[in-house]
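Trainee: This is the structure I have questions about; it appears just below.
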Amino acid sequence: MNLKNFLLPLALALPLAAQAQAISQAQIERFKSLPKAQQEALANQYGVDLSSLGGGSSPSINGAQIRNPAPVVQPISSQKDGKLEESDEATQGSSAENEKKTHRLEPFGYDLFAGSPSTFAPVTSIPVPGKYTIGPGDEIRIQMWGKESRDLTLTVDRNGVISLPEIGPEPVAGMSFADLKERINALVNEHYIGMKASVSLGELRSMRVFVLGEARTPGAYTVSSLSTITNALFVSGGVKRTGSLRTIQHKRNGKLVGTLDLYDLLLKGDTSEDERLQPGDVIFIPPVGKLAGIKGEVHRPALYELEIGQTVGDVIRLSGGFTADAYPKRAQLQRVDDNFNLRIEDLDLTNNGAKNTRLQTGDVLTVSSVTELTEGFVSLEGEAVRSGRYAWKPGLRVSDLIDSLTFDVTRSADYRYALRVREQVERNIIEVKSFNLRKAVVDGNPEHDLLLQSRDRILLLSETNPEQRQQALADINRRLQSQTGPNSWAPVVQVAGAVRFPGTYPMPENGTLKELLDAAGGLKENALLLEGEITRYTTSEKGTGETSVIQFTPSAVLEGSESVSLQGRDRILIKGVPDFAKTNTITLAGEVLYPGEYTFQTGETLSDVLQRAGGLTSNAYPKGAVFTRAKLRQLEAQRLQEAEERLQGDLLGVQLEGNDAGGNASDRVGQVQDLLKDVQSSRPVGRMVINLAAIAAGEHHQPVRLQDGDRLTVPEIPQAVTVFGEVQFPTSHMHQEGLTLEDYLKRSGGPTRQADESRVYVVRADGSVMMPQRSNWFGGGASQLEPGDTIIMPINVDRLNQLELWTNVSQIVYQMALGAAAVGNL
């Protein structure tokens, strides 16, 4: 092998080994033109799988091996060829006008070719027919047995000849496969005494054909010698929407051999016109012919290509015929006339004359639905167990549709208010009548067990879902409003206030307020029975709008002693009793004779409730009582939130300032961080200072008017004084008469270095704060510490910025902590 012959297969094999996905068909053809031994050697050297390229051995089907196996089509979505994408866009653009005319109907049949082409189109699922024509490149296999056994594999050369051992050359090109078997059997019988032969085909030749015209990818294609017209169409990606499916031409040597109508294949499965191809054959796809559409109640709504002279009946057959819901008596043919005006013609498709109507390009036939036109039924809707349509017959009543409230309606159905909706087709209006479902079904009351007509609707409303109830009424209300003309009011009324189901309802048949209140589910228990009002809109003599208010007594309306007539668009308001069934409670805990949760009336005071609870026990300590209120907790929570936000800003400022001359920045940062942690861990208590001793003793005091959620906790008589804050050992000490504030501070180890001794203060057991003067506390003045008092030694913030803020924050934190501790220890 010379250098040129070696480099050629090497150049082919390298890209094959590197990336099989990038192999072109030309490279594969050149590689296969090499001798088989050379192909195998190169494949072994570069790790190429010959079976993946169609070389080497091929699968055998029914005695014939097919050369060049490859997938026929791939999804178009995976196709990256720019020409194909441009072709698709052109196809879509050219068909856009037709689709617009036919309300986006899709052309029939083109989805058969929803794939991209492959170079080879193998036919591996059919046997080789007897009329198959033998040609150069076909492989003939002869198995002989009898006197001896032989297996021969012979390839037809370019001259159409095979060489039989001991016989010589034998021309076979042009013979059919059946004739070939007879000829070889005759030769074997003649030249091989005592032997018989079985003839089959091995690898079949490939051939080149042309697919032209409105193909998705027109060009020349190499296909199997068993391929037919449809195989070649699949290879080329199919027919564009601008191409005809009904007049595909098969040409050979410039002459028309036959015409394929794909509608016969798609609709009848007829392949009689799908002829086998010969080398050099041309498949030409002409432009699409006349198109007409059919939509509505047919099995295959689509655009169909027409043959000359086709009629309405023909396009109905193409679409698969009518569906079960079709109403052929009412169809419409839409057509553009010679003056380019859109014209609509009504057709009765039960008439043969209408079916024989000739179709034109752009015609669209619409077949109506029987569901829109059916008579002889009634509808049961809403809260029914088996809703739907039921057969109507003369004399049918509500009780015939609903036999049992237990089994035929849901548990959430409203038994007192249901509707019959009747459509007056001639006048294009609806009439609505309400009835009591229980009286209709259980009592058989003829006033409520309504007589039904064809197309009546029975609507059962929900008694548990107000939103669903109004949704069910929404369409009826809209229809009633739309059918109202001038000088009249829409027969709908709105109900608001203390009714079970406020909303908009159809005007009752008799137009009375009592009927409407029943429709709204009746009055709630908080309804004010003494007074209600109707807001009515009217027009004056001058034609201007006016609003008037009409008063009525709901209790009298329900009893029937007062009759109020309604007008369309009235608005009824049922007022509610203020704070109906609202209970205000206070909790008394601790040293109360009868502790518990007490209900109080508006305006009652703590003294009144405490007296009802039997007063305080003998072990009670009223000075240490804790009285809390929900609104105060909310205010304290707000103050804590504000303090936290300001402290976070101050902490950032201290960190940015850095060290001063004394290098105290880290100390200040630590102090602010500690205070911020205290704020974040604090919980609002909502404590209010009261003089419970005066209240319990009946002395003169400021009355404490109660609010819902108040709580009073009365502790036992305490024995300790607590020291809290910046002291060496915060703790509680046994109270002793005569000890001063300084004495208790000393017992706690005295103040720390961070303490601010000048701002020490005392929180009394009742929650009040005393700011002591040194002369009173340290000089033995009248102010003495009492059991339950707490001494607070605050942090020294004089060295820091924001003195007032931090001082206030620290006081808030200490007071809340004391309040929480007082409540927790009771």
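The values are calculated or read from the model by the stated rules, or taken from the named source; none is laboratory data. In this text, all values refer to a predicted model and were calculated from it rather than measured experimentally. Note that each Cβ is placed from the backbone with ideal geometry, even for glycine, and that neighbours are counted across all protein chains shown. Protein only, heavy atoms only, side chains kept; ligands, DNA and RNA dropped before computing areas. Shrake-Rupley method; radii C 1.70, N 1.55, O 1.52, S 1.80 Å.
Trainee: I need a count of the residues in segment 710-735 that are in a loop (DSSP other than H, G, I, E, B), farther than 20 Å from M770 by Cα and in contact with a strand residue (DSSP E or B) (Cβ under 7 Å, 6 or more places away or on another chain).
Mentor: Summing the residues that are in a loop (DSSP other than H, G, I, E, B), farther than 20 Å from M770 by Cα and in contact with a strand residue (DSSP E or B) (Cβ under 7 Å, 6 or more places away or on another chain) in segment 710-735 gives 1.
Trainee: Report every pair of residues separated by at least 6 positions or lying on different chains whose Cβ atoms are under 8 Å apart, first residue within segment 567-581 and farther than 16 Å from E531 by Cβ, second open to solvent by less than 50 Å² (accessible area, probe 1.4 Å) and in a loop (DSSP other than H, G, I, E, B).
Mentor: Short answer, once both residue conditions are applied: Q567/G511; G568/T484; G568/A490; G568/P491; G568/M507; R569/A490; A581/N526.
Residue by residue, here is whether (1) among the aromatic types (F, W, Y); (2) closer than 30 Å to F284 by Cβ holds:
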| residue | (1), (2) |
| --- | --- |
| K181 | no, no |
| I184 | no, no |
| N189 | no, no |
| Y192 | yes, no |
| K196 | no, no |
| V209 | no, yes |
| G213 | no, yes |
| A220 | no, yes |
| V239 | no, yes |
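Trainee: While we're looking at this one, here's another question. Counting only residues that are within 42 Å of the chain's Cα centre (by Cα) and open to solvent by 40 Å² or more (accessible area, probe 1.4 Å), how many does segment 350-365 have?
Mentor: Residues meeting the conditions: 1.
Trainee: Let me ask you something else. Look at V689 and say whether it is open to solvent by less than 40 Å² (accessible area, probe 1.4 Å), closer than 30 Å to P787 by Cβ, out of contact with any Cys (no Cβ under 9 Å at 6 or more places or on another chain) and at pLDDT 80 or above.
Mentor: The answer is no for V689.
Trainee: Can you give me the ranges of the strands (runs of 3 or more DSSP E) entirely in segment 66-183 with at least 1 residues that are modelled with pLDDT of 85 or more, aromatic (F, W, Y) and open to solvent by 50 Å² or more (accessible area, probe 1.4 Å)?
Mentor: Qualifying strands (runs of 3 or more DSSP E): 139-146.
Trainee: Given segment 736-826, what helices (runs of 4 or more DSSP H) lie entirely inside it while holding 3 or more residues that are at pLDDT 85 or above?
Mentor: Result: 741-747.
Trainee: When both residues are 6+ apart or on different chains and their Cβ atoms are under 8 Å apart, which pairs have a first residue that lies in segment 433-460 and is at positive phi, and a second that is outside any loop (DSSP other than H, G, I, E, B) and open to solvent by less than 10 Å² (accessible area, probe 1.4 Å)?
Mentor: As it stands, the answer is R455/V378, since those pairs meet every condition given.
Trainee: While we're looking at this one, here's another question. Mind checking which residues of segment 609-632 are farther than 16 Å from L706 by Cβ and either open to solvent by 60 Å² or more (accessible area, probe 1.4 Å) or at pLDDT below 90 (or both)?
Mentor: Answer for segment 609-632, where residues must be farther than 16 Å from L706 by Cβ and either open to solvent by 60 Å² or more (accessible area, probe 1.4 Å) or at pLDDT below 90 (or both): S618, N619, K623, G624.
Trainee: So, R457, is that one out of contact with any Pro (no Cβ under 9 Å at 6 or more places or on another chain), under 30 Å from V370 (Cβ atoms) and of a type in the set (D, E, K, R) or not?
Mentor: yes
Trainee: Considering segment 739-761 alone, what residues qualify as being without any contact (Cβ under 8 Å) to a residue 12 or more places away in the chain and within 29 Å of I690 (Cα to Cα)?
Mentor: Once the filter is applied, which keeps residues that are without any contact (Cβ under 8 Å) to a residue 12 or more places away in the chain and within 29 Å of I690 (Cα to Cα), segment 739-761 yields D743, S758.
Trainee: Separate question: Answer yes or no as to whether S555 is out of contact with any Lys or Arg (no Cβ under 6 Å at 6 or more places or on another chain) and open to solvent by 60 Å² or more (accessible area, probe 1.4 Å).
Mentor: no
Trainee: Can I ask one more? Pairs please, first residue from segment 549-564 and aromatic (F, W, Y), second anywhere and exposed (fewer than 15 other Cβ atoms within 10 Å of the Cβ), Cβ atoms under 6 Å, 6+ apart in sequence or on different chains.
Mentor: none
Trainee: Let me ask another. Could you please let me know if D475 is among the acidic types (D, E) and buried (at least 20 other Cβ atoms within 10 Å of the Cβ)?
Mentor: So D475 fails the test.
Trainee: Also, quick follow-up: Within segment 302-349, track down each residue that is open to solvent by less than 70 Å² (accessible area, probe 1.4 Å), farther than 30 Å from L262 by Cα and in a strand (DSSP E or B).
Mentor: E345
Trainee: Out of P730, P703, report the one residue that is surrounded by fewer than 20 Cβ atoms within 10 Å (Cβ to Cβ), in contact (Cβ under 8 Å) with a residue 60 or more places away in the chain and not aromatic (F, W, Y).
Mentor: Exactly one of P730, P703 is surrounded by fewer than 20 Cβ atoms within 10 Å (Cβ to Cβ), in contact (Cβ under 8 Å) with a residue 60 or more places away in the chain and not aromatic (F, W, Y), namely P703.
Trainee: So which of T366, T361 ends up being touching a residue at least 24 places away in the same chain (Cβ under 8 Å), assigned to a loop (DSSP other than H, G, I, E, B) and closer than 30 Å to R300 by Cα?
Mentor: T361
Trainee: Open to solvent by less than 80 Å² (accessible area, probe 1.4 Å), on the phi < 0 side of the Ramachandran plot and of a type in the set (D, E) - does that describe any residue in segment 512-526?
Mentor: Yes; the residues of segment 512-526 include at least one that is open to solvent by less than 80 Å² (accessible area, probe 1.4 Å), on the phi < 0 side of the Ramachandran plot and of a type in the set (D, E).
Trainee: May I pose another question? For segment 223-243, how many residues are at negative phi and in contact with a helix residue (DSSP H, G or I) (Cβ under 9 Å, 6 or more places away or on another chain)?
Mentor: Number satisfying all stated conditions: 12.
Trainee: Suppose we keep only residues that are part of a strand (DSSP E or B) and charged (D, E, K, R) within segment 252-301. Which one would you say is surrounded by the fewest Cβ atoms within 10 Å (Cβ to Cβ)?
Mentor: K255
Trainee: Right, E562: of a type in the set (D, E, K, R), assigned to a strand (DSSP E or B) and more than 43 Å from the chain's Cα centre (by Cα) or not?
Mentor: Against the criterion (of a type in the set (D, E, K, R), assigned to a strand (DSSP E or B) and more than 43 Å from the chain's Cα centre (by Cα)), E562 does not qualify.
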